[in-house]
Structure formats: structure tokens, C-alpha cells
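Notes for the one structure printed next.
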Amino acid sequence: MQKYIITGGSRLSGELTLQGSKNSALPIMSAAMLGDGESVLKRCPALTDVYSASRILSYLGCKCTVADGTAIIDPAGSSGYEIPDDLMREMRSSIMFIGAILGRNGECTFSTPGGCELGPRPIDMHLAALRKMGADISDNGGRIHCRLNKRKAHGAKITLPFPSVGATENIILLAVCAEGETIVNNAAREPEICDLCSFLRKRGADIKGDGESTIVISGVDKLHGCEHTIMPDRIAGATYLSMTAAAGGEIILKNTCTAEMEPFISVLEQTGCRIYLAEDRIYLRSGARLRAIRDRIRTMPHPGFPTDSQAVLMAALVIAEGASVFEENLFDCRYRHTVALNKMGADIVVMGKVAVVRGVERLKGADIEATDLRGGAAMVVAALAAEGTTCLSGISHIDRGYEKFEEAVSTLGGKIRRV
Ligand code: UD1
């Protein structure tokens, strides 16, 4: 098992070009299996989750290559409808494929993704929506089989009980080639959903309202190939900004999405960091000790504070002056990184969905283990700001979402190596 050895205490300084978004690339790769024609996806990040998605597409009979930042996907001849257990387990987001597989082939078999590092991950909203669009669904000991009458879905009016990102994406994927109109109320408004819709529109889909709470999709008969550039990864952006804020120094982030990162940036600048935005660039300078955040940081669906940025911001705030309070409203087990941060000298008390972070003067390196993707990144943020050396195991979690992570951190002057 590989590890990171990180020596903290260096100020960070430099420029980084932000990677393409993982959470955008995965549903777009799934969408590429609908219709005909080749999809060329530029700025597709080199991540283990992207390679898992590519393996699923190949298993289903699509031609898929991912190399040099470009994924090329041609669904011609793809008639597979089953996602095997091992591929399903590799990546929880494989649930993202069911709307597209059903849309293409009229049936789909997969296993329930079950729990994951963040706690239980139910898929009830996904399944209820597919049923409304005409799917018969049976559960055979955890293997779920969905089948469409006459192999075609029909439009429906669906009101989600919660704006789930994945459920919204699956509905869109099934609706683009369904018969008639689908209306999704209380849809998720995450920027990655807009990226998925803009990709599908380039291919000939008829979708309106993405980025708002009601999305209207009119089914079309055909989708064709296209070229699309994956949007920047706002969570990786939040990670590099938090890292520089915590360790001290300055960073220019290029190829960012400044408007989409606003919910994070508006909180980060309350720490006293200087942040300037210019078109697709973000400049951050961190000098004096960070200040705690006065108001409770509540994770919420977009445009609220993103749950995926909670851990990395917390890792910076553990050495801020004063106390900050987090409230995690999306996932049950999203404070697992606090154990490692406390081992490094942080003072974090977790009570259910609330975490109280009392700033300490300094952190010290420790032997710690990443337990999930963003929690692992948070540990790197803390380690770079700590005195001494940290040995971080479990870094396969980080490889799921950060492209060339140690190279990026080293570019900024951080001392990190993989062993
Ligand atoms: C996506 C992101 C993930 C992010 C999350 C919230 C991808 C690949 N992953 O995950 O990084 O943290 O959005 O912004 O894009 N829920 C149900 N039933 C369902 C579906 C969801 O109860 O059928 C619950 C979940 O358990 C969770 C909440 O709804 O508590 C939000 O989940 P959802 O928005 O669906 O997240 P994902 O799409 O899984």
C-alpha cells in the first residue's frame, strides 16, 4: 500500500492549472453511451474513478479510451446491460450508469451500492424516478433488475423529496431519449449537472432549466457525437486554496470556475486571506494567522456550502484564531478525518452533525490514515501546515479524485512524496 510522506512548515507559492471535474466527467462518460457517434471529452482528469468508469463502458461494449487528458467514447454496438458486482464496488458512482444503460438498452442489472465511507448511500430516489418513467424494478438478493416496457421510457412529472445530484442526473440520462416530456421539480442545481446538460445539448438533446430547481427535458429520437471540455473541478480548487491558506503563501489557480466556487470562496475569505478573482483565475494570499469563521458553516445542496469542501476547509481552520462550527447536513459519516486531525494536535469535538473546531497554535506531524477521498485531502492540507513529518496511508482514496496530486503540491513548494 502506497503512502505519502509529507514534511510541513514550508510556505507555498506558485501557479496551478485546475484539473477537469471528477463529478462532471463521470456522468458525462455515462451520457456518452446514449445515441450514436463519438464523444471526445477534453480535460478528462486522470483519476482511478475515471478509469473505473472507462472499464464499465468497455464491459458494456462501448469503445472507450482515456489518454493524455482526452476520453474518446463510441457506443456503437454496445448492447450490454449488466454492471458486474466487482465494477459496481470499485466506484459508488457507478449508479450513474443506470439511467444511460436503461435509455440505451431498455434494461439494466446492477447491485445496490450499499454503504460507503460516508455512511449509508440509499438509492430510493433513483429507483422511484425510474419507476415513474416506466421501469419495472425487481430486487433479487441485492441484484437489481430494471426493465422498460417496449424498451422505451416515457416522460413523467417527478418531484424529488431532496435535490439529489445523482438522482437528478439519472433522470436526465433516461429522459433525453424517452417518449414525451419529463419535468423534474426540486432538481439538484450543482454546476456539474449544467455541464452534463450542456454536453447532452451539444449532442442534440432538448433540456431546459438546468441550474434551476425545475428542469424540463423533451425526449428526442437521436443523439450524435460531439466534442466537449469538462468543466474545472471546484472541489480540487477548494483543496488547493485551503492548502495555501493553511500553510501560508500565495497561489494563482488557472482554469477555475469562479462563479461556481463562490459559495466556498465567500466563506474562505472570512479567514482573512486576500482573494482576487479575474475571469477564470483565482489569486489567494495568506499571511497572518487565519481567523475562525464567525457563522456556522452549514453544508447544503448548491448554491449552499459544498459538503465536498467541508473537510479541507476544516483542516485549515484547526489552526485559526478562535472557534468555528460546522454543520454537516448531507452525509452521516463525513467527520471521519477529525480523528486524524486531532491526532495531529487539533481540537475538534463532534456531536452528531455538528463539529466544533477550536483553533490551536500549531499541529504536529503524525502517522495517520485517509479514510475517504476529501477527508484524505484534508489530512494533506493539515500535514503541510504542521511541524514535522506526517506519514499518510490509505492514499488510494485520494487517487480517486485528485489528478497528479503530489506533482501539484510539489509545484507549490510543498514537501510531499509517494513511497
Ligand atoms: C454527489 C457527488 C458527491 C457529493 C454529493 C452531494 C458525484 C459523483 N458525487 O453524490 O461528491 O458529495 O453529490 O453534493 O457527483 N439520498 C437518498 N436517496 C437517494 C439518493 C440520495 O437518501 O436515492 C441522500 C444521500 O444519502 C445524501 C443526500 O441524499 O444524504 C445527497 O446525495 P446525492 O446528492 O444523491 O449525492 P450523490 O449524487 O451520491
Report yes if some residue within the stretch 346-367 is of a type in the set (A, V, I, L, M, F, W, C), within 16 Å of the ligand (Cβ to nearest atom) and touching a Leu at 6+ places or on another chain (Cβ under 6 Å); otherwise report no. no
Limited to the stretch 362-415, what total is found for residues that are of a type in the set (S, T, Y) and under 13 Å from T244 (Cα atoms)? 2
Return yes when T7 is touching a Ser or Thr at 6+ places or on another chain (Cβ under 7 Å) and surrounded by fewer than 19 Cβ atoms within 10 Å (Cβ to Cβ) and no when it is not. yes
Go through I98, I73 for me and flag whichever is of a type in the set (A, V, I, L, M, F, W, C) and not in a strand (DSSP E or B). I98
Does the stretch 78-99 hold any residues that are open to solvent by less than 20 Å² (accessible area, probe 1.4 Å), more than 17 Å from L174 (Cβ to Cβ) and near the ligand (Cβ under 10 Å from one of its atoms), and which are they? M91
Identify, please: which residue in the stretch 319-345 is aliphatic (A, V, I, L, M) and under 27 Å from C257 (Cβ atoms) and is, among those, nearest to the ligand (Cβ to nearest atom)? L330
Quick one: L196 ticks every box in (1) over 20 Å from the mean Cα position of the chain (by Cα); (2) within 14 Å of the ligand (Cβ to nearest atom) except a single one, so which number is it? (1)
Considering only residues that are within 14 Å of the ligand (Cβ to nearest atom) and hydrophobic (A, V, I, L, M, F, W, C), which ones fall in the stretch 147-177? I158, L160, F162, V165, A167, I171, I172, L173
Pairs only if they're at least six apart or on different chains, beta carbon under 6 angstrom, first in the stretch 96-122 and at positive phi, second at pLDDT below 95 and among the aromatic types (F, W, Y); list them, first residue then second. G119/F331
Those residues of the stretch 112-127 which are at pLDDT 90 or above and either open to solvent by 50 Å² or more (accessible area, probe 1.4 Å) or away from the ligand (no atom under 14 Å from the Cβ) (or both), in sequence order: D124
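The values are calculated or read from the model by the stated rules, or taken from the named source; none is laboratory data. Source: prediction; values computed, not measured. Methodologically, a virtual Cβ is constructed for each residue, glycine included, from the backbone with ideal geometry; neighbour enumeration extends over all protein chains shown. Accessible surface is based on the protein model in full, side chains and every heavy atom, while ligands, DNA and RNA are left aside. Shrake-Rupley method; radii C 1.70, N 1.55, O 1.52, S 1.80 Å.
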